[in-house]
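The values are calculated or read from the model by the stated rules, or taken from the named source; none is laboratory data. Note that this is a predicted model, so its numbers are computed, not measured. Reconstructed Cβ throughout: ideal geometry from the backbone, glycine too, with neighbour counts over all protein chains shown. To get the accessible areas, we keep the full protein, side chains included, count just its heavy atoms, and leave off ligands, DNA and RNA. Shrake-Rupley method; radii C 1.70, N 1.55, O 1.52, S 1.80 Å.
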Number of protein chains: 4
Amino acid sequence: MTYSVAVSGASGYAGGELLRLIADHPEFEVRTVTAHSNAGQPLVAVQPHLRTYTHLTLKETSAETLAGHDVVFLALPHGASGAVAAQLEPDTLVIDCGADHRLESPDAWAAFYGGEHHGAWTYGVPELPRVSGTQRDRLAKTRRIAAPGCNASTVALSLAPGIRAGVIEETDLVSVLAVGPSGAGKSLKAHLLGAEILGSANPYSVGGVHRHIPEIQQALCWAGAAAPTISFTPVIVPMSRGILATSTARITPGIDAATVRAAWEDAYVGERFVQLLPEGQFPRTADVLGANTALMGLAIDEAAGRVVVVTAVDNLVKGTAGAAIQSANLALGLTEATGLPVNGVAP
Amino acid sequence: MTYSVAVSGASGYAGGELLRLIADHPEFEVRTVTAHSNAGQPLVAVQPHLRTYTHLTLKETSAETLAGHDVVFLALPHGASGAVAAQLEPDTLVIDCGADHRLESPDAWAAFYGGEHHGAWTYGVPELPRVSGTQRDRLAKTRRIAAPGCNASTVALSLAPGIRAGVIEETDLVSVLAVGPSGAGKSLKAHLLGAEILGSANPYSVGGVHRHIPEIQQALCWAGAAAPTISFTPVIVPMSRGILATSTARITPGIDAATVRAAWEDAYVGERFVQLLPEGQFPRTADVLGANTALMGLAIDEAAGRVVVVTAVDNLVKGTAGAAIQSANLALGLTEATGLPVNGVAP
Amino acid sequence: MTYSVAVSGASGYAGGELLRLIADHPEFEVRTVTAHSNAGQPLVAVQPHLRTYTHLTLKETSAETLAGHDVVFLALPHGASGAVAAQLEPDTLVIDCGADHRLESPDAWAAFYGGEHHGAWTYGVPELPRVSGTQRDRLAKTRRIAAPGCNASTVALSLAPGIRAGVIEETDLVSVLAVGPSGAGKSLKAHLLGAEILGSANPYSVGGVHRHIPEIQQALCWAGAAAPTISFTPVIVPMSRGILATSTARITPGIDAATVRAAWEDAYVGERFVQLLPEGQFPRTADVLGANTALMGLAIDEAAGRVVVVTAVDNLVKGTAGAAIQSANLALGLTEATGLPVNGVAP
Amino acid sequence: MTYSVAVSGASGYAGGELLRLIADHPEFEVRTVTAHSNAGQPLVAVQPHLRTYTHLTLKETSAETLAGHDVVFLALPHGASGAVAAQLEPDTLVIDCGADHRLESPDAWAAFYGGEHHGAWTYGVPELPRVSGTQRDRLAKTRRIAAPGCNASTVALSLAPGIRAGVIEETDLVSVLAVGPSGAGKSLKAHLLGAEILGSANPYSVGGVHRHIPEIQQALCWAGAAAPTISFTPVIVPMSRGILATSTARITPGIDAATVRAAWEDAYVGERFVQLLPEGQFPRTADVLGANTALMGLAIDEAAGRVVVVTAVDNLVKGTAGAAIQSANLALGLTEATGLPVNGVAP
């Protein structure tokens, strides 16, 4: 069966990536693409790399233009999707790539975002370990999905196995991320200009203020943590895409190295899109460019008493659009991997 | 007075940077440049950016070619400088940019480098806080200087103020660095090829095995630590130069935010080449490109109970060649900043 | 039907890209991968981005290991494929991604390559306009295909339409290319190191000595030129992949702008993988990253009396591996576009 | 003697580079820095790499704030300097880094810029060969200098020697430039975002419409051309700074290779900041990063009947701010090279 699809925010990076992936999805057919300031233009004028969509013109984003589709992807600026989503039919599958429906806690929402809290939808990271089972179990038949924050899901996938297995402590977690500027979207800000980004590493949201922190904590609580604390620092580096998250945690006293490693092996054995590399190997972001794959390397630093987990994802694929489609597949009862690439584009 | 200078390893990145800086040093005159496989070539054929040295030809590196100079800079592969250095006159000022003379502990040397331990020379990071005073005090009149490892000195400068002041704990230190590939030198390795580096973030020496770890621990001990433990992960990112080190430490219980910040302010007040930025500001590596400057930003993450220090340096300048020249200035009784740039080349 | 496939040179960039593309080809099944120094290793240890090939181990490249497949792709260093190819069965489809079988003229071979000339195979650029028809016509049922040089085919596609239509002159052609370093392969050369490539534009083979020049001239002769002359300069720029070729030619006196443009429109109307953009639009290499697409923009510079054609390709796809597979599809009677992506990965 | 200096547009890239260079100029002292939207901020908040200027605050750009200085540098958006300049004292040395005073021809101004034509000031490229002598001769004692367009001066320096010597023809000139995005300034445009620039080569102003074309033609006429025609295409590539211009011209019939090369040798012999490399060598932009140096390589392509000149400059130094200071030195009777670096920052 073919599902009719609408993509809002189609002129942005997340919207463009949704369309790139859906072009290879055998069950999805894009009927409608919407935008704000670019409405009225041919899609391909704004996204010239999407050659298979020369027939589509961007419409204005509204509940009307989005109505009547089986699946609606919202790739809107944070804060914009709540109102639109509320007007869509309950049996339409809606996947929000923005932050509006990610946090369960109104307090966390208020502290890190502010404004109206629209409540939480089913979180779209199927492989995420939970105390019992995985997040996958909750995605079947849902009609409202919150695609994850790219940094948050990368860190959550990196640390949740150890939390669930009790092999790492939940405080003094530290994660530092090298991230490409596409994660910040197409917003016109001086610090995102090419001349500023090239040849430079630029930290931002330092010191516990990044909005993905409560999302990580929420995921770690699902894995069994009570009150996890994490120092989280993203650094923009000169690559258009990609996240390389280096996460480290204190090993629970008395746990040996093999048991630590086994926690991650158990969590991701058999997973197509989250893979733990053999001992001594670590991933590069190029290995997952364009792919829905999270590659992970793990080392035990016995002298420091800590485990180090390095995870590479493409922020626009596994971090956003790929996670959204993978979750949509589950919600629709399709094969989970349908239409999603696992091989990266390297070099 | 003019000091005659020889630079060995002049065809490499550290050697080239020494020459670039010395060209603007009013008291230094380069008489001899040496190399290994490039001996016999005009310097400018190998280092075409150094237009002021068109009169120099690379000689073979040996004790003979290096003899008879007031100042000798060794920028040789690790393990190569010990033998050469042993043959130079005791009153010649020798600065080793390699690792051979950095570590005091034979055990640390054996564990991380192996082979013969040549003992430790005076460590060339003047601003480094020690329990009493700074490393600067030890550099006056020395004739043997070990220029620092670029990653090590960046992290040591980032954390030593807090250790000395007792405001951070010495265990569970974590440092993750975004580094440019010039730090790895000109060695012909597949993972350092441009096609591999571009568009990708690549971790290496993950899990407590990087050779700069004992050097960091040594410096933190000088600042008062007893047995510091640090999780240290470098990530190569696509910029030719630069280190952005994100370091974080648990705040000592009972210490308030202002006291934490004051430790760093006290350590670096009045320093020209190590500057703490105002609260809320964090450095980018572009800000220090080509300069002998370490820029530092500090945040208190109260929820995580940790301080985060982000430090940017140019690995070839403040990390290596600039530190070497700054230390040499002190050893010779010259004004410490002679010939050293403080402004970066940005954007 | 499923064709069994062998890929030699599978540890290199062209070999890796063949494998990435074939993974999505419904009629091809990779049975054998071969290499030289990496033989014996798991493929995925050398090409960690190719997650679908975890079952394959690299064998030694030889006629024996390559024998017995329906399709053999040779991605070997220049000069290495002639001997291997001679030992393969005549009815095996062999596609050589090296230069050995591209040039018809022994003199051109001698002047630009030297050594034994193995003769020319059918040139693998289906859309290339010829005096009569296109190169596509010659690819049906051939069993020996020479995949093109990436720079050569990009320039040939850019200029052949104007030559064939007689709207541009065949002398004083000029082409300058911004190219990524992956085009130079994985060879360990100092000027290809990341630190050298980052932040720099580096010309090479300046002044009429690049080996792709006779290949361009050959293609332009197929389009009707008698003795074309072209100034051709490639410049390595800091992007892992991609070619942006700016080609310009003197407009034949008396030809008006619309007629010039029509030559290119006629040549590529209906082509899936070679597309002329609307007037006033020009391509970026990001638009074709990972895709088998050549995007072309054309402008008439009336004051200079010249046409300017800007063409973007991914050197590893449309420039090499994609062209090879597209040509193989034609030779086997498959739908030409089978398994080949047309959308780029951007940003 | 110390000259008091004001820099307007100090928050932009050209303004920042003027300040970086002037910091090392022994005769210049910056008293005033001005800006538009950033007025009121500390300079170092906007230009954090300029550590020697922590004492300066940005004032509003106006004739009042700029009055009373010996030297005023205008680094304003095109069109903004005419009005300000008209209000400055006649004996103040004013250097305009914008385009407003570069073109002598009102027609060329009208065709490529439009709006009021403010007339031409003395063009600030000292080494530029003219039919008789060089541009240097006209800069002594002038009080109004037009700093060049970075692309224009690079191409003019590349081709003027051949025009003056009559060894190349003045039509069918072609120049293609790889340029860094800092040349476009800090303007907030989507195509200049880091995510768009990284990993991509992006042409712009294709087909004879770039504003630097009449400036190149003007310079070539000064060298003896009557009505030169040039096809000029800039391509933005992922490096923050730098121009690599590949320029090619038809060799005048009957002129041999040695005579061609001699034209460039004669033009630049003894020049510190414009250097022709030995035969067979070509420059990279990294070789001139941060330096006031133009490095040039020249090849004769006998088969194509053309000379190829490859020139590397740093667009912000030799292309703009360095040219401005070098010209100011001449106008003030100072040693021409005062305060200007000749060595590049590489790698």
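Observations on the structure shown:
- With Cα atoms, 0 to 90° folded angle of helix A:213-222 axis to chain A main axis: 70
- Per residue convex hull volume, Cα atoms of the range C:227-328, in Å³: 133
- Share, in percent, of DSSP beta bridges within the protein assembly as shown that are antiparallel, nearest 5: 45
- Mean projected area of the Cα convex hull of chain A, taken over all directions, amounts to 16.9 nm².
- 32 Å Cα-Cα threshold exceeded, pairs from A:Lys318/D:Lys189; C:Lys59/C:Lys141; A:Lys186/B:Lys318; A:Lys318/C:Lys186; A:Lys189/C:Lys186; C:Lys186/D:Lys189: A:Lys186/B:Lys318; A:Lys189/C:Lys186; C:Lys186/D:Lys189
- Anisotropy class of the range C:32-155 from Cα gyration tensor, a/c 1.5 cut: prolate
- Panel note: contact residues of the range D:154-184 (accessible area lowered by at least 40 Å² against the chain on its own; 1.4 Å probe) correspond to D:Asp172, D:Val174, D:Val176.
- Candidates C:Ser132, C:Ser175, C:Ser231, ranked by Gaussian network fluctuation over chain C, Cα under 10 Å, top entry: C:Ser132
- Considering only the range C:151-313, percent of DSSP beta bridges that pair antiparallel, nearest 5: 70
- When DSSP beta bridges are restricted to pairs lying wholly in the range A:161-248, around 55% turn out antiparallel.
- Cα gyration tensor, the range D:215-255 - rounded (a/c under 1.5), prolate or oblate: prolate
- Taking amide H positions as modeled 1.01 Å from N, with prolines and chain starts lacking one, the residues under 5 Å from B:Leu58 and 5 or more places away or on another chain are B:Gly40, B:Gln41, B:Leu43.
- Relative to the dominant Cα principal axis of chain B, helix B:150-165 is inclined by about 40°.
- Projected-area mean, the range B:151-313, by convex hull of Cα positions, square nanometres: 9.7
- Residues of chain A: accessible area per residue with a 1.4 Å probe, Å²: 30
- Our Cα-only numbers for the protein assembly as shown put the radius of gyration and Dmax at 30.9, 87 Å.
- Of all accessible heavy-atom area on the range C:215-347, the percent that carbon and sulfur account for (1.4 Å): 53
- Cleavage-rule hits, GluC sites (Glu not before Pro), the range C:44-150, DSSP coil, Cβ neighbours within 10 Å at most 14: C:Glu116
- Of B:Ser153, B:Ser62, B:Ser37, the residue with the greatest mean-square motion in the GNM of chain B, using alpha carbon springs below 10 Å, is B:Ser37.
- Per the Cα gyration tensor, the range C:289-347 maps to an equivalent ellipsoid with semi-axes of 29, 14, 9 Å, ordered largest to smallest.
- Reduction of at least 50 Å² in accessible surface, 1.4 Å probe, comparing all protein chains with the chain by itself, residues of the range D:199-217: D:Gly199, D:Ala201, D:Pro203, D:Val206, D:Gly207
- Protein-protein interface of the range B:328-346, residues with accessible area decrease of at least 40 Å², isolated chain reference, 1.4 Å probe: B:Asn343, B:Val345, B:Ala346
- Estimated buried accessible area (total), pair D and C, 1.4 Å, Å² to nearest 100: 3300
- Here the range D:1-145 has 49 percent of its accessible surface on carbon and sulfur atoms, given a 1.4 Å probe and all protein chains in place.
- Among B:Val274, B:Val46, B:Val308, the largest mean-square fluctuation in a Gaussian network model of chain B, built with springs joining Cα atoms closer than 10 Å, belongs to B:Val46.
- Cα-based convex hull, the range B:255-301, per residue volume (Å³, whole number): 67
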